[in-house]
1. State the dimensionless ratio Rg/Rh of region B:120-166 (Rg: radius of gyration of Cα atoms; Rh: Kirkwood radius).
2. Excluding residue A:554 itself, calculate the net charge of residues whose Cβ lies under 10 Å from the Cβ of residue A:554, where each Lys or Arg counts +1 and each Asp or Glu counts -1.
3. Measuring from label point to label point, each 7 Å out along Cα→Cβ, what is the residue A:210 to residue A:622 span in nm?
4. For region C:58-88, which trypsin sites (Lys or Arg not before Pro) are both in a DSSP coil and crowded by at most 12 other Cβ atoms within 10 Å?
5. Could you pull out the chymotrypsin sites (Phe, Trp or Tyr not before Pro) across region A:75-184 that fall in loop regions by DSSP (anything but H, G, I, E, B) with no more than 15 other Cβ atoms inside 10 Å?
6. Taking the Cα atoms of region A:384-453, report the difference between the largest and smallest coordinate on each principal axis, in whole Å and largest first.
7. What translational diffusion coefficient, in µm²/s and rounded to a whole number, does the Stokes-Einstein relation yield for the protein assembly as shown at 20 °C and a viscosity of 1.002 mPa s, taking the hydrodynamic radius as the Kirkwood radius over Cα pairs?
8. Over region A:272-311, what lengths in whole Å, largest first, do the semi-axes of the equivalent ellipsoid take, defined as the square roots of 5 times the eigenvalues of the alpha-carbon gyration tensor?
Amino acid sequence: MDRLFWLVPLVPGASALLLMLFGRRYSRRAAAWQACGAVLVSFVLAAAAFARLAGGQAALEKVLPVWISAGSFEASFSLAFDRLAAVMALVVTGVGSLVHVYSTSYMADDKAPTRYFAFLNLFTFFMLVLVLASDIVLMFVGWEGVGLCSYLLIGFWFDRPAAARAGLKAFVVNRVGDAAFLVGLLVLLTQVGSSSFAAINGAARDGRLSAGLATLAAILLFAGATGKSAQIPLHVWLPDAMEGPTPVSALIHAATMVTAGVYLVCRLNGLFAASPAASAVVAWVGAVTAAAAAALALVQNDIKRVLAYSTISQIGYMFIGCGVGATAAGLFHLTTHAFFKSLLFLAAGSVIHALGGEQDMRRMGGLRRRLPLTFPAFLVGALAISGVPFLSGFFSKDAILTSAFAGGHYVIYGLGLAAAVLTAFYMFRLVYLTFYGPARMEPEAGLHIHESPRAMTVPLIILAVLAAVSGLVGLRVLPGEPADLFGRFLEQVLPRTGRYPAPPTEIALILAATASALLGIGLAFLFYRRSPGLPARLAGRFPGAYRLLVNGYYVDAAYDAVVVRPLVKGAGWTYRNLDLRLIDGALNGSAAGADLAGRGLSAVQSGLVRDYALAFLLGTVIFLGVVLL
Amino acid sequence: MTLAVFVVLSAVCVAAVAAMILSRNPADNALFLVVAFAALGGLFGLLDSPFAAVAQVLVYAGAIMVLFLFAVMMFDLRRLEPRSRKRVRLGLASALAALLLAELALAGIRISGLAGPAWRSAEARDMARLGRLLFTDYLYPLEISALLLMAAIAGALALAGRKDAG
Amino acid sequence: MIPPLAFFVLAAVLFVLGVVAFFVKKDLLTQFMAVEVMLNAGNLAFLALTAGPGRANAQAIVLFVIAVAAAEAVVGLSVIVLVFRRRKSIRTDELRDLKG
């Protein structure tokens with residue numbers, strides 16, 4: 001069965017195609033079942049192939065036909081299931097399956113469930129193409145495909161203007177990154193002459209690609225990654241993307257698509273390793289994003305927007321890992337993050353569902369007893385992301401920060417540690433506001449509060465277990481013997497370049513991480529349980545800082561002033577002057593000319609048979625004359 | 001002898017067509033054409049083409065022109081008198097027709113000068129040969145013309161046979 | 001001895017007479033007859049310009065021309081009948097519906 005790994009993307013793809021072609025003929029139930037079934041089949045196939053790799057095989061490969069052949073350049077549908085792709089494929093299909101199952105209940109009352117499941121399947125298809133591509137051009141196909149599906153799913157409720165606008169914003173911001181990606185891709189194609197990842201990494205490693213060009217290509221590709229993974233300065237689309245259905249946020253905007261940038265950097269680890277400058281850029285962008293986005297999450301009142309900023313911040317951690325040479329640690333955090341963040345989103349979705357669509361935390365509170373399954377699941381996720389010892393987030397975040405410290409990147413380490421405090425703080429602010437304290441919801445909404453049906457709670461439980469224990473595969477706190485199962489599994493694909501710190505330092509670092517997590521939780525307890533008036537007083541004390549955070553550092557306002565408004569103005573000018581006058585003028589002019597010519601020529605059409613025959617005769621005489629002369 | 005036959009037949013033929021041009025009665029015109037086509041059939045015979053001659057007389061002079069005569073009888077003949085003549089068009093047409101005649105003559109001289117075909121042909125009189133030809137080399141055209149005639153019958157019925165057409 | 005050219009010239013004369021008839025006549029029916037004259041002139045030219053075994057082929061082609069002419073006559077005449085029934089006229093000067 002492992003031979004069939006190339007069906008992993010194709011099964012959801014085929015399901016999406018069927019759902020899109022025959023959408024009207026599907027009943028709600030059939031569409032949901034088919035979509036879930038397709039992703040589950042895909043998961044089983046991926047698991048079988050994974051088992052084969054775990055048995056020692058390096059990679060499974062399958063070359064489907066060549067689809068671009070231009071001169072000496074060829075790109076083929078070549079899929080490779082190596083260890084990196086295996087981890088990612090399991091995450092995508094595993095979390096994907098749970099989200100699909102969850103969606104059957106969450107979207108049960110929606111108007112267009114078939115369209116929803118078609119897009120979700122299509123997303124899974126493109127994401128798996130992105131993951132399994134062994135060729136950067138094919139990966140770009142998946143890359144653009146997930147972007148398209150992201151747009152379609154953010155704007156799924158397109159009759160809400162905010163959702164349609166958010167979808168558009170995500171698409172346009174991603175275009176900026178993708179343009180850079182494309183330029184970087186072309187640099188690599190012209191310089192390396194091949195589009196396969198093996199060739200690119202190989203050329204970078206053995207020096208055929210000069211350091212300057214490697215840096216250029218790596219930074220351009222990383223610019224693409226910042227777009228997809230919502231890193232500063234292209235992070236602005238992700239908070240708005242929360243207009244989409246919550247399961248979509250869990251799958252696309254937490255677990256899978258937004259981490260595609262990290263995956264890209266992992267895939268091209270040879271290229272990034274060849275360019276210390278590009279690696280430094282990756283690490284710094286990640287560190288700044290991790291801290292800045294965590295600070296923004298402090299002041300959000302929408303439960304999903306808090307999680308969105310949290311996602312941006314956590315992806316920053318992953319980039320720190322990739323940038324300081326601990327690529328495997330970055331991927332490890334990607335995996336654990338996929339579990340606990342999709343858990344948090346799905347649990348938040350359960351809360352929203354229970355409250356009949358309410359997303360504002362100021363109108364929540366006291367839900368701890370009312371949602372007996374959602375609350376503990378959410379709590380596990382919150383503890384995991386905060387880095388409380390022995391839960392998954394603790395191990396993965398610690399692996400990254402330790403590597404940063406060991407590599408001598410002390411400022412980056414400091415930013416990461418600060419972000420860890422902030423993370424614990426905003427997560428428990430969220431927990432206290434939502435689940436503790438007095439109930440602040442509208443009275444009639446309060447009456448209907450109910451725990452979600454089993455299709456929603458079972459995925460929550462599974463994810464909670466994974467979020468709690470999945471960190472153990474990366475356990476390497478035992479000094480001396482490297483017990484890091486995860487890192488060793490990936491060693492042949494992601495060679496470790498960073499150093500491990502000395503054992504005493506490592507223990508100190510672990511204690512620091514634990515302390516920062518507990519500090520954040522403690523502060524949240526103080527602010528939102530002990531003396532709930534404190535946040536408002538603090539905001540009043542530092543109005544400038546507060547407004548800076550509420551407005552997201554004015555990044556959106558700046559983009560609006562510098563890019564959007566001049567663009568709209570310019571487009572308006574072009575429309576009025578070029579479109580209306582020049583193009584429409586030329587069009588109307590040529591139409592008028594054709595009309596005039598038609599009127600003139602219609603005089604020839606006398607309607608008399610004899611006149612037509614005369615023209616015919618004239619033609620015959622001329623023709624015969626030409627033949628004879 | 002053959003020369004005399006040729007001269008007489010061609011004279012009859014040209015005269016009949018000329019008479020058709022000058023006459024104003026469509027019924028007379030049709031009869032003139034019968035004469036012209038019959039004479040043409042004789043000329044075909046003179047060219048050693050007995051099959052073409054027979055087909056000409058039976059189908060053209062016989063069947064087709066009778067069809068024309070039937071059609072003529074359906075119309076009010078007096079209404080077909082010409083009312084006015086457009087001299088300019090007629091003059092232009094005559095000039096072009098003269099030019100065409102000159103060109104055709106020139107073409108004829110060139111062709112006969114090049115090939116100089118003997119006008120006698122024993123093979124052309126061989127009916128069995130023609131039959132074989134029709135059912136071998138010309139099989140597809142033959143079948144297609146059969147289909148065409150069939151379609152023409154159906155088309156004519158559909159066009160003229162409608163009761164509501166008036 | 002008659003030169004083949006004589007037959008061809010006759011065919012040319014008949015053809016041009018057909019052309020002239022088409023322009024002189026004012027009613028569809030007679031114009032249609034003029035077309036038949038031109039067709040026959042074509043047949044004669046076919047036979048006149050072939051020699052030896054080629055004339056057997058020419059006869060076959062004459063047969064097809066006659067068959068097509070018959071089909072054309074049938075359809076053409078029924079069209080003319082139809083036009084007359086609707087317009088009570090077959091004068092080509094009065095049928096100007098195609099005027100642009």
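The values are calculated or read from the model by the stated rules, or taken from the named source; none is laboratory data. Note that the structure is a prediction, hence the values are computed from the model and not measured. Heads up, the Cβs are rebuilt from the backbone with ideal geometry, glycines too, and the neighbour counts pull from every protein chain shown. The accessibility values were calculated without ligands, DNA or RNA, using every heavy atom of the protein model including side chains. Shrake-Rupley method; radii C 1.70, N 1.55, O 1.52, S 1.80 Å.
1. Result: Rg/Rh = 1.33.
2. That sum, taken over residues with Cβ under 10 Å, equals -1.
3. 6.5
4. Answer by residue number: C:88.
5. Within region A:75-184, the qualifying chymotrypsin sites (Phe, Trp or Tyr not before Pro) (loop, at most 15 other Cβ atoms within 10 Å) are A:158.
6. Over region A:384-453, Cα extents along the principal axes are 56, 24, 14 Å.
7. The Stokes-Einstein estimate is 62 µm²/s.
8. Semi-axes from the Cα gyration tensor: 29, 9, 4 Å.
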